[in-house]
Amino acid sequence: MQALDKVLEECGHDAGNLITILQNAQDIYGYLPSEIIYYVASQTGISPARVMGVATFYSQFRLEPVGKYLIMLCKGTACHVNGADTLEDVICSELGITNGQTTKDGLFSLKTVACLGCCSLSPVMMINEEVYGLLTSDKVLGILNDLRRQAAEEGGQA
Amino acid sequence: MKIVVGQGSCGVAAGAGKTYEAIRGLMQAQDSFELGSTGCNGMCFLEPIIDIYEGHKLLKRLVNVSADKAALVVDAVRSNDLEKAAELFIKPEDEAFLTQQTRIALRNCGIIDPEDISSYRERDGYKALEKVLTTMTPEEVIEEIKVSGLAGRGGAGFPTWFKWNAARSSPGEEKYLICNADEGDPGAFMDRAVIESDPHNLIEGMMIAAYAIGASEAIVYVRAEYPLAIIHLTKAIEQAREAGFIGKNILGTGFSCEFRYMAGAGAFVCGEETALIESLEGKRGMPRLKPPFPAAAGYKMKPSNINNVETFANVAWIILNGGEKFAAMGTEGSKGTKVFALTGKIRRGGLVEIPMGQTLRHVIFDIGGGIRGDKKMKAVQLGGPSGGCVPENLLDTVIDYKALGATGAIMGSGGMVVMDEDTCMVGMAKFFLDFTSKESCGKCVHCRIGTRRMLEVLTRIVEGNGKEGDIELLEELCYSIKDGALCGLGQTAPNPVLTTIRYFHDEYEAHIREKHCPAAECRDLLMYYIDPDLCKGCTACARKCPADAIEGQVKSVHKIDPAKCIKCGTCLSNCKFGAISVR
């Protein structure tokens, strides 16, 4: 809990900074396990229900771990008009998962998001902070394969 | 000479980061030219973009500079012969995209280095704040903003001076100045560009406003989905603090104001000012009842003023150039300029800043180059999920709060999504309701349940299960939701439905009565059809059909059974005689 304690310290154990605390907690743990929800509640003097209320309100927070690569597929207006739905079908059938799920090998998770603000490059997806634009079905499959290869290489080195 | 690579989010997504690294890798110790970065100039359709400067003079603009062109660029600059890179020069017709604009909010975007305060100061940066703190009273600042006619650029168009004055007049010593950088409208990225490319302009505008209302803390609430904007903003805040433009006793004038930001966590409703305040307080972003208005009781129930990023981005210019100059542009009721994010089926998409009063047609066709692929324009969506669709025959409507409001749409924050003949308008209404029903905070019945019910009706319609009376049912729902919803999200959620019913009634009727989608977009209503005059009976389609839906003997006309057809399109892509079509 050391890293989280440091965050709580910096945030003054103040419930007014709850969102920032939870964001940092998620950066540390990858998601918000229930133990952390309870811990943050005890450290900020509010009920676990209230912390849970905040954690479930905002789409950024996840209560379950995600895969190595989190695919955020943009479903904003411009992306929608330029074929984002078809790309969702492509990703789902290629990876065998639906929106909100993670592949069995823990490699990919898919989440559709509202708008990434890169509309001129629509359709767009963001994978772990890297933005990919002007997507086509072929490009998407290429990117997924590249990431698979990258993960295998990293796994081999580890 | 200096090679400046545009590295806003769009540029990086288009490969500008790789181009920058490639150029850096090719530079040698004895090279006399420099390499630098800038933000987004809004010409997104040409990214990655490189500007070649001699001092402050722009020599040439190179476009679509992918990493494999890096060597060409370096060679041209090194040998002082830019013509070598002529294939990358921007075309005059594309240059017109920028030259037809009037940039005030975006005046530094794509020109300065957003990570260097001196780059901002070279272009009169922080001179407005200096002028305000040393020669003007808060009342004089508010008066200047009043003269300018600046109105809220977040979409509501409320007179900015009025809000500042209300916060100033509220009793109390503890006041807050807040910037709404939650830019949640899908299709809008004007604010992202300002924060990424000119963060100091935002800081300066906010500090001027903080002085005007008497705030002791200025806070930016920025959405989490903008990581690069957050990085640049963080750096800018540090630099501004070092230079003494924020903090205690600024410029020795006795005015003190702290500055920080908070990242949102993914909730469209937090763009609503009272929901934003709740979120700033660490709670679920659920709107409050107004009154009291934030000017009287906002953040921590203290007087607070909230404005959009673009509103603040105009302030420093207004102070330095005078409110009258700003008011000289625009129309009677809409002064100054407005930034639009032009996207969708447009040939030249990106950021367009123009004086109010020009027509939608001018923006879409003269600046944006019209529809991609020479398709027919159908409508333009303004104002995101709170806005409406303006049909092609109303494109001569002038960009003005009132004029746009009269069409049923709104000015909105600036999202302008262009649609063509292949876009189904009923599908667009459903798309927006899908969004707003998911983003509804759930506090009030009308929005929470109403948006869901509207979505259900629209879903039935696009799936081919529309009933007689559905349009009337939708209208009834729309008006009661507008009446009963607590905040702007619910009150405006019906707008896309109302405008599409108003202008595209025939599309709704076709979906409901004929189970037909005129734009051929709604998958469940698509009909694949073999033209008997063109069919040669080669059996290619029947053999490839995964659903066994095609019947026919060799050399005789084939037929698709609509009951078995799964509308995958395999037959169409395999027919060598163009005999199969979709409708």
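The values are calculated or read from the model by the stated rules, or taken from the named source; none is laboratory data. Predicted model only: the values in this text are computed from it and were never measured. Positions of Cβ are generated from backbone atoms using ideal geometry, with glycine treated the same way; all protein chains shown enter the neighbour counts.
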inquiry  = Could you go through the stretch B:351-358 and let me know if any residue there is over 17 Å from B:LEU395 (Cβ atoms) and of a type in the set (A, V, I, L, M, F, W, C).
reply    = yes
Going through (1) surrounded by fewer than 22 Cβ atoms within 10 Å (Cβ to Cβ); (2) farther than 28 Å from B:SER581 by Cα one by one, B:LEU534 fails only at (2)
Residue hits (the stretch A:7-26; in a helix (DSSP H, G or I), more than 11 Å from chain B (Cβ to nearest Cβ), in contact with a helix residue (DSSP H, G or I) (Cβ under 9 Å, 6 or more places away or on another chain) and not aliphatic (A, V, I, L, M)) are A:GLU10
Quick count over the stretch B:477-497, residues being surrounded by fewer than 21 Cβ atoms within 10 Å (Cβ to Cβ) and either over 24 Å from B:PRO385 (Cβ atoms) or touching a Phe, Trp or Tyr at 6+ places or on another chain (Cβ under 9 Å) (or both), is 0
Checked the stretch B:458-503 for anything small (Gly, Ala, Ser), more than 24 Å from B:LEU394 (Cα to Cα) and touching a residue at least 40 places away in the same chain (Cβ under 8 Å); matches are B:GLY464, B:GLY466, B:GLY484, B:ALA485, B:GLY488, B:GLY490
* Does the stretch B:313-321 include one or more residues that are within 16 Å of the chain's Cα centre (by Cα), away from chain A (no Cβ under 14 Å) and not hydrophobic (A, V, I, L, M, F, W, C)? -> no
Looking across the stretch A:68-78 at residues that are over 23 Å from B:LEU342 (Cα atoms) and surrounded by fewer than 24 Cβ atoms within 10 Å (Cβ to Cβ), the single one that is nearest to the other protein chains (Cβ to nearest Cβ) is A:LEU70
A careful count of residues in the stretch A:27-46 that are at pLDDT 95 or above, within 12 Å of chain B (Cβ to nearest Cβ) and under 15 Å from A:ALA3 (Cβ atoms) gives 2
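Considering each residue of the stretch B:529-583, count those that are among the polar types (S, T, N, Q) and under 23 Å from B:GLY464 (Cα atoms), and give that number.
Number of matching residues: 2.
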Those residues of the stretch A:128-142 that are surrounded by fewer than 18 Cβ atoms within 10 Å (Cβ to Cβ) and either closer than 15 Å to A:LEU107 by Cβ or away from chain B (no Cβ under 12 Å) (or both) come to a total of 7
Going through the stretch B:196-225 in order, the residues found to be in contact with a strand residue (DSSP E or B) (Cβ under 8 Å, 6 or more places away or on another chain) and within 17 Å of B:ASP182 (Cα to Cα) are B:SER197, B:LEU202, B:ILE203, B:MET206, B:ALA218, B:ILE219, B:VAL220, B:TYR221, B:VAL222, B:ARG223, B:ALA224, B:GLU225
Of those in the stretch B:12-65 that are acidic (Asp, Glu) and part of a loop (DSSP other than H, G, I, E, B), the residue nearest to B:GLN101 (Cα to Cα) is B:GLU47
Point to revise | So B:GLN358, is it farther than 20 Å from B:ALA181 by Cα and either surrounded by fewer than 24 Cβ atoms within 10 Å (Cβ to Cβ) or of a type outside the set (S, T, N, Q) (or both) | key: yes
For B:GLY17, the lone unmet condition from (1) surrounded by fewer than 20 Cβ atoms within 10 Å (Cβ to Cβ); (2) within 14 Å of chain A (Cβ to nearest Cβ); (3) touching a residue at least 40 places away in the same chain (Cβ under 8 Å) is (3)
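Out of the residues in the stretch B:259-274 meeting the condition of being hydrophobic (A, V, I, L, M, F, W, C) and over 15 Å from B:ILE219 (Cβ atoms), tell me which one is farthest from the other protein chains (Cβ to nearest Cβ).
First, pick out the residues of the stretch B:259-274 that are hydrophobic (A, V, I, L, M, F, W, C): B:259, B:262-263, B:265, B:267-270.
If we keep only those that are over 15 Å from B:ILE219 (Cβ atoms) as well, we get B:265, B:267-269.
Working: B:ALA265: 3, B:ALA267: 5, B:PHE268: 6, B:VAL269: 9 Å.
Residue satisfying both the conditions and the ranking: B:VAL269.
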Is it the case that the stretch B:380-395 has a residue that's in contact with a helix residue (DSSP H, G or I) (Cβ under 7 Å, 6 or more places away or on another chain), within 13 Å of another protein chain (Cβ to nearest Cβ) and over 19 Å from A:VAL81 (Cα atoms)?
no
For B:LEU433, state whether it is within 14 Å of another protein chain (Cβ to nearest Cβ), part of a helix (DSSP H, G or I) and among the aliphatic types (A, V, I, L, M). yes
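Here is a yes/no grid of residues against (1) within 26 Å of the chain's Cα centre (by Cα); (2) modelled with pLDDT of 95 or more; (3) under 22 Å from B:THR343 (Cα atoms):
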residue	(1), (2), (3)
B:GLY11	yes, no, yes
B:ALA14	yes, no, yes
B:ALA29	no, no, no
B:SER37	yes, yes, no
B:CYS44	yes, no, yes
B:ILE52	no, yes, no
Residues of the stretch B:139-191 being hydrophobic (A, V, I, L, M, F, W, C), assigned to a helix (DSSP H, G or I) and either free of Cβ contacts under 8 Å to residues at least 24 places away in the same chain or within 14 Å of chain A (Cβ to nearest Cβ) (or both), in sequence order, are B:TRP161, B:PHE162, B:MET190
A:VAL81 vs (1) buried (at least 18 other Cβ atoms within 10 Å of the Cβ); (2) within 11 Å of another protein chain (Cβ to nearest Cβ); (3) closer than 22 Å to B:GLY271 by Cα: all pass except (3)
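Can you name every residue in the stretch B:228-262 that is aliphatic (A, V, I, L, M), farther than 16 Å from B:ASP182 by Cα and not in a helix (DSSP H, G or I)?
Of everything in the stretch B:228-262, those that are aliphatic (A, V, I, L, M), farther than 16 Å from B:ASP182 by Cα and not in a helix (DSSP H, G or I) turn out to be B:ALA243, B:ILE246.
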Those residues of the stretch A:121-158 that are small (Gly, Ala, Ser) and in contact (Cβ under 8 Å) with a residue 40 or more places away in the chain come to a total of 3
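Kindly indicate whether B:GLU392 is under 30 Å from B:GLU332 (Cα atoms) and surrounded by fewer than 20 Cβ atoms within 10 Å (Cβ to Cβ).
On the way: under 30 Å from B:GLU332 (Cα atoms): yes; surrounded by fewer than 20 Cβ atoms within 10 Å (Cβ to Cβ): yes.
It is true that B:GLU392 is under 30 Å from B:GLU332 (Cα atoms) and surrounded by fewer than 20 Cβ atoms within 10 Å (Cβ to Cβ).
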For B:LYS376, the lone unmet condition from (1) without any contact (Cβ under 8 Å) to a residue 40 or more places away in the chain; (2) under 21 Å from B:CYS424 (Cα atoms); (3) more than 14 Å from chain A (Cβ to nearest Cβ) is (1)
Considering the stretch B:322-351, residues that are within 27 Å of A:LEU121 (Cβ to Cβ) and hydroxyl-bearing (Ser, Thr, Tyr), and then whichever is farthest from the other protein chains (Cβ to nearest Cβ), we arrive at B:THR337
Residue check for A:ALA49: exposed (fewer than 14 other Cβ atoms within 10 Å of the Cβ), of a type in the set (A, V, I, L, M, F, W, C), within 13 Å of chain B (Cβ to nearest Cβ) and more than 21 Å from the chain's Cα centre (by Cα): yes
Given the conditions (1) surrounded by fewer than 21 Cβ atoms within 10 Å (Cβ to Cβ); (2) of a type in the set (Asp, Glu); (3) within 14 Å of another protein chain (Cβ to nearest Cβ), every one holds for B:GLU238 apart from (3)
Only unsatisfied item for B:GLU225, checking (1) assigned to a loop (DSSP other than H, G, I, E, B); (2) more than 10 Å from chain A (Cβ to nearest Cβ), is (2)
